[in-house]
Amino acid sequence: MPSTSTLILSIFILLSAIHGRASRAPFACDPNNSVTTDYPFCRRSLVVGERVKDLIGRLTLEEKVKLLVSNAGGVPRLGIKAYQWWSEALHGVSNVGPGTRFGGEFPAATSFPQVISTAASFNASLWEAIGRVVSDEARAMYNGGVGGLTYWSPNVNIFRDPRWGRGQETPGEDPILAGTYAVNYVRGLQGTEGNRLKVAACCKHFTAYDLDNWNGVDRFHFNAQVSKQDIEDTFEVPFRMCVKGGKVSSVMCSYNQVNGVPTCADPNLLTNTLRSQWHLDGYIVSDCDSVGVFYNSQHYTSTPEEAAAMAIKAGLDLDCGSFLETHTENAVKRGLLNESHINGALSNTLSVQMRLGMFDGDLKTQPYAHLGAKHVCSDHNRQLAVDAARQGIVLLENRRGSLPLSTNRHRIVAVVGPNSNATLTMIGNYAGIACEYITPLQGISKYTRTIHQEGCRGVACRSNKFFGGAIEAARVADAVVLVMGLDQSIEAEFRDRAGLLLPGLQPDLVLKVASVAKGPVILVLMSGGPIDVSFAKDHPKISGIIWGGYPGQAGGLAIADVLFGQTNPGGKLPMTWYPQDYVSKLPMTTMSLRPGTSYPGRTYRFYKGPVVYPFGHGLSYTAFTHKILSAPTTLTVPVTGHRHPHNGSEFWGKAVRVTHAKCDRLSLVIKVAVRNIGARDGAHTLLVYSIPPMGVWVPQKQLVAFEKVHIDAQALKEVQINIHVCKLLSVVDKYGIRRVPMGEHGIDIGDNVRHIVSLQPQTLGIIKS
């Protein structure tokens, strides 16, 4: 029999799980410590700024320096515990950072689809809902003493090059899509309780970071040469939206240099842009050991003290690593840095901790104290993971109506391929321990009888030794589902791809299986980045192709639901799928987005060459039509200022600076009727693009709005699209100046409807170009 003490402990754990009782001791201001609770920084009645000022005034220089790093030291004499800032929550609470660990009451957390897959849903409300669940689980784990409250997610870098190993972590190649994702996921994580934070999110990696390790060039040594034009109209857009729209409480600077300056030592980026222009209310953190990198690897300063001083004076508040703890005090002693600079950095980090409630004493009295073990891996959270996976799946091909499969006609399905029974592959990188795994094989087996043959041992597929069993399975089955693709051995952090083809002998396996199959052959691809599957796209025996991305813990069930028609696919590609020869035309190290001589350009906004599948591509089991119900043909833009005819602008007089256009509340409003003309209910992504007046520096088109709508068969829904003129119809000239072009703008609603609106200036003074 268990001992009495064991029974008591078990009952306590059970009650804690049922009632969500906080079990963590207070980080600071413990009500049981009468000395510390009398300090002004512990008084919740005071505003955060006053509390922070009081606390900083009580710290010695030695204590301050220990608070500048991610593994921040405690201040025992003030009742403040040590704190580990580094936790990750890219698509679920992760144990990648040391601030969070699994075990005991918290053996796992909900693992949602990788970000690139969730972005394919084009569903902003889903992104916020995922953020809310992730922050519920994060708070629960914090209350249980096994997690932090500062999460360095999301990654909102632009998926500029299809070879990038970390493209899977991003919302794709479009800056508005990435920014909208950032705003909504951050809102879900941080909550909407005013200045109070549920958890603190972090948009990373600022900026122009999209190369890890390619052809002998790594992120620690890469100097990204970026034009002012590309910085303003692409690379900074998601971060600006994250800070200004999402009110994120942290931004992480990146390893690379931009135009010769390490981002973590650049006052123009950290102080002028993030703080002065965008008004970041929070802290700036380095990517891990970035300060050490620009001293040791980039040799940007002569001494470590100079590096520490330069980073802090540039605007860095927190060092992921130990560099600042080691060298900052000496930097002060040598006169390279004032203690006031350190106070400024601490003001930003401590303010965030106070907004999180970490200086509010007893956890039981705080707003999220009820969250506990029962809120992690709950039925609701697991179901949202399934729904998210379903929404992110993209139907690329469906010839002859081969999909969905039928449980009556396809009673035996051969499930083939190295990812056919995948578990860890489905959750991608920066993941934690999933609540469960439902593999493609398990998902398909819920619908019909299966014959399983991997065909390859791993996605590298270096041998055809096991092809025979897969070929024989295809010969006898009523249908074949090939689950192929990539995993973290091919694309990952510090692992960029060499090319875009399926690895090893995977194409041979696909073709050999397809050649003997008597029924439909469906190719399912797991990957973060695009794959050139032209060989399968054009093959007469391969009638369906699905991109599953990295679909999360329940990805196999979601894939099966789409295969058998339980779910009508509605995902769209958040990135261009290029042919293999595209990557032979441009090195990853060339940052330019716009095409040039013998240079094809990048992303759908500028690249005009052939593609395997375009950005925004995705089919459905039904069909939708669009009709414009109302939209203006002319829109007046009030402008004012003084004319400068010799400022070097090639579009003087035709495009007005946004700063001189009075259009804070000026929007183009379009009402669209979307009709489902098919026999199945379905979710539809309405993509809206603008086509600016022609010019050598404008995109050929750019996404300005998107809406996700669910429409029953034969039903109609009206959708209102609001397009902010200055934010979304503007373009950026070669000097990095954002302008609103006057004249005719095309507005494409989906693929087949175009509306023309003419922007006309209304002069309030003299037009200033």
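State the number of residues belonging to region 30-83 that are open to solvent by 40 Å² or more (accessible area, probe 1.4 Å), within 20 Å of Gly344 (Cα to Cα), assigned to a loop (DSSP other than H, G, I, E, B) and in contact with a helix residue (DSSP H, G or I) (Cβ under 8 Å, 6 or more places away or on another chain). Total meeting the criteria: 1. Checking each residue in region 35-46 for being polar (S, T, N, Q) and more than 11 Å from Leu78 (Cα to Cα) picks out only Ser45. Apart from one condition, Arg449 fits all of (1) open to solvent by 10 Å² or more (accessible area, probe 1.4 Å); (2) at positive phi; the exception is (2). Do the conditions hold for Ser402, that is, is it within 30 Å of Gly519 (Cα to Cα), in contact with a Ser or Thr (Cβ under 7 Å, 6 or more places away or on another chain) and open to solvent by less than 50 Å² (accessible area, probe 1.4 Å)? Yes. Of all residues in region 573-587, those that are over 12 Å from Asp161 (Cα atoms) have Cβ atoms under 7 Å from Cβ atoms of residues that are part of a helix (DSSP H, G or I) and open to solvent by less than 50 Å² (accessible area, probe 1.4 Å), 6 or more apart or on another chain, in Pro574/Ile116; Pro574/Ala119; Pro574/Leu177; Pro579/Ser534.
Of all residues in region 726-742, which are part of a strand (DSSP E or B) and either closer than 16 Å to Gln700 by Cβ or open to solvent by less than 20 Å² (accessible area, probe 1.4 Å) (or both)?
Our first condition is that a residue be part of a strand (DSSP E or B); within region 726-742, this holds for 731-732, 738-741.
Those that are part of a strand (DSSP E or B) and either closer than 16 Å to Gln700 by Cβ or open to solvent by less than 20 Å² (accessible area, probe 1.4 Å) (or both): Val731, Val732, Arg739, Val740, Pro741.
Would you mind stating whether Gly188 is small (Gly, Ala, Ser), touching a helix residue (DSSP H, G or I) at 6+ places or on another chain (Cβ under 7 Å) and farther than 19 Å from Leu270 by Cα? Answer is yes for this residue. Scanning region 405-424 for residues that are surrounded by fewer than 22 Cβ atoms within 10 Å (Cβ to Cβ) and of a type in the set (Gly, Ala, Ser) yields a single hit, Ser406. Of all residues in region 454-483, those satisfying the criterion of being touching a strand residue (DSSP E or B) at 6+ places or on another chain (Cβ under 8 Å) and either surrounded by 22 or more Cβ atoms within 10 Å (Cβ to Cβ) or within 24 Å of Gly529 (Cβ to Cβ) (or both) are Glu454, Gly455, Val459, Ala470, Ala473, Ala474, Ala477, Ala479, Val480, Val481, Leu482, Val483. Being open to solvent by 20 Å² or more (accessible area, probe 1.4 Å) and at pLDDT below 95 is a property that Pro645 has.
Per this entry, Val352 is counted among residues that are in a helix (DSSP H, G or I), closer than 30 Å to Phe106 by Cα and of a type outside the set (Asp, Glu). The residue that is surrounded by the fewest Cβ atoms within 10 Å (Cβ to Cβ), counting only those in region 528-576 that are in contact with an Asp or Glu (Cβ under 7 Å, 6 or more places away or on another chain) and closer than 14 Å to Val483 by Cα, is Ile545.
Filtering region 665-693 to residues that are charged (D, E, K, R) and in contact with a strand residue (DSSP E or B) (Cβ under 6 Å, 6 or more places away or on another chain) leaves Lys671, Arg675.
When the residues of region 94-150 are narrowed to those that are of a type in the set (D, E, K, R) and open to solvent by less than 10 Å² (accessible area, probe 1.4 Å), which ends up farthest from the chain's Cα centre (by Cα)? Lay out the reasoning, then the answer.
First, pick out the residues of region 94-150 that are of a type in the set (D, E, K, R): 101, 105, 128, 132, 136-137, 139.
If we keep only those that are open to solvent by less than 10 Å² (accessible area, probe 1.4 Å) as well, we get 137, 139.
Values: Glu137: 19, Arg139: 21 Å.
Ranking the candidates gives Arg139 first.
Among the residues of region 255-295, those identified as polar (S, T, N, Q) and out of contact with any strand residue (DSSP E or B) (no Cβ under 7 Å at 6 or more places or on another chain) are Asn259, Asn268, Thr271, Asn272, Thr273, Ser276, Gln277. Looking only at residues in region 673-694 that are under 16 Å from Thr633 (Cβ atoms) and within 29 Å of the chain's Cα centre (by Cα), the one that is surrounded by the fewest Cβ atoms within 10 Å (Cβ to Cβ) is Ile691. Apart from one condition, Glu173 fits all of (1) open to solvent by 10 Å² or more (accessible area, probe 1.4 Å); (2) of a type in the set (Asp, Glu); (3) under 25 Å from His684 (Cβ atoms); the exception is (1). Can you find a residue that is small (Gly, Ala, Ser) and assigned to a helix (DSSP H, G or I) anywhere in region 356-365? Checking region 356-365: not a single residue is small (Gly, Ala, Ser) and assigned to a helix (DSSP H, G or I). The set of residues from region 84-93 being surrounded by fewer than 24 Cβ atoms within 10 Å (Cβ to Cβ) and either touching a Cys at 6+ places or on another chain (Cβ under 9 Å) or part of a loop (DSSP other than H, G, I, E, B) (or both) comprises just one member, Trp86. For region 215-234, the set of residues classified as assigned to a loop (DSSP other than H, G, I, E, B), under 13 Å from Arg602 (Cβ atoms) and either open to solvent by 20 Å² or more (accessible area, probe 1.4 Å) or of a type outside the set (A, V, I, L, M) (or both) consists of Ser227 only. Taking region 484-527 as the range and being under 19 Å from Pro551 (Cα atoms) and open to solvent by 20 Å² or more (accessible area, probe 1.4 Å) as the test, the residues that pass are Asp487, Gln488, Ser489, Ile490, Glu493.
Would region 748-761 turn up any residue that is closer than 21 Å to Ala124 by Cβ, of a type outside the set (A, V, I, L, M) and crowded, with 20+ Cβ neighbours inside 10 Å? If you could, list the steps in order and put the result at the bottom.
Restricting attention to region 748-761, the residues satisfying the condition of being closer than 21 Å to Ala124 by Cβ are 748-750.
Subsequent filtering for residues that are of a type outside the set (A, V, I, L, M) retains 748, 750.
With the extra rule that they be crowded, with 20+ Cβ neighbours inside 10 Å, the set shrinks to none.
For region 748-761, residues closer than 21 Å to Ala124 by Cβ, of a type outside the set (A, V, I, L, M) and crowded, with 20+ Cβ neighbours inside 10 Å: absent.
Go through Ala514, Ala473, Ala479 for me and flag whichever is in the same structural domain as Tyr447 (by the TED database), of a type outside the set (Ser, Thr, Tyr) and in contact (Cβ under 8 Å) with a residue 60 or more places away in the chain.
Details: Ala514 fails: in contact (Cβ under 8 Å) with a residue 60 or more places away in the chain; Ala473 fails: in contact (Cβ under 8 Å) with a residue 60 or more places away in the chain.
It is Ala479.
Of the residues in region 665-688, at least one is modelled with pLDDT under 95 and more than 22 Å from Phe615 (Cβ to Cβ). Among the residues of region 274-321, those that are over 20 Å from Glu339 (Cβ atoms) and in contact with a Leu (Cβ under 7 Å, 6 or more places away or on another chain) comprise Leu274, Leu280, Val285, Ser286. If you filter region 185-214 down to residues that are β-branched (Val, Ile, Thr) and under 12 Å from Lys247 (Cβ atoms), you find that the one that is surrounded by the fewest Cβ atoms within 10 Å (Cβ to Cβ) is Thr192.
Only one entry of Leu384, Leu441 meets the criterion of being touching a Phe, Trp or Tyr at 6+ places or on another chain (Cβ under 8 Å) and either part of a loop (DSSP other than H, G, I, E, B) or open to solvent by 10 Å² or more (accessible area, probe 1.4 Å) (or both), and that entry is Leu384.
The values are calculated or read from the model by the stated rules, or taken from the named source; none is laboratory data. Every value quoted in this text rests on a predicted model; they were computed, and no experiment measured them. Cβ sites come from the backbone with ideal geometry, for glycine too, and all protein chains shown count toward neighbours. Ligands, DNA and RNA are stripped out before the accessible areas are found, and what is left, the full protein with its side chains, is counted by its heavy atoms. Shrake-Rupley method; radii C 1.70, N 1.55, O 1.52, S 1.80 Å.
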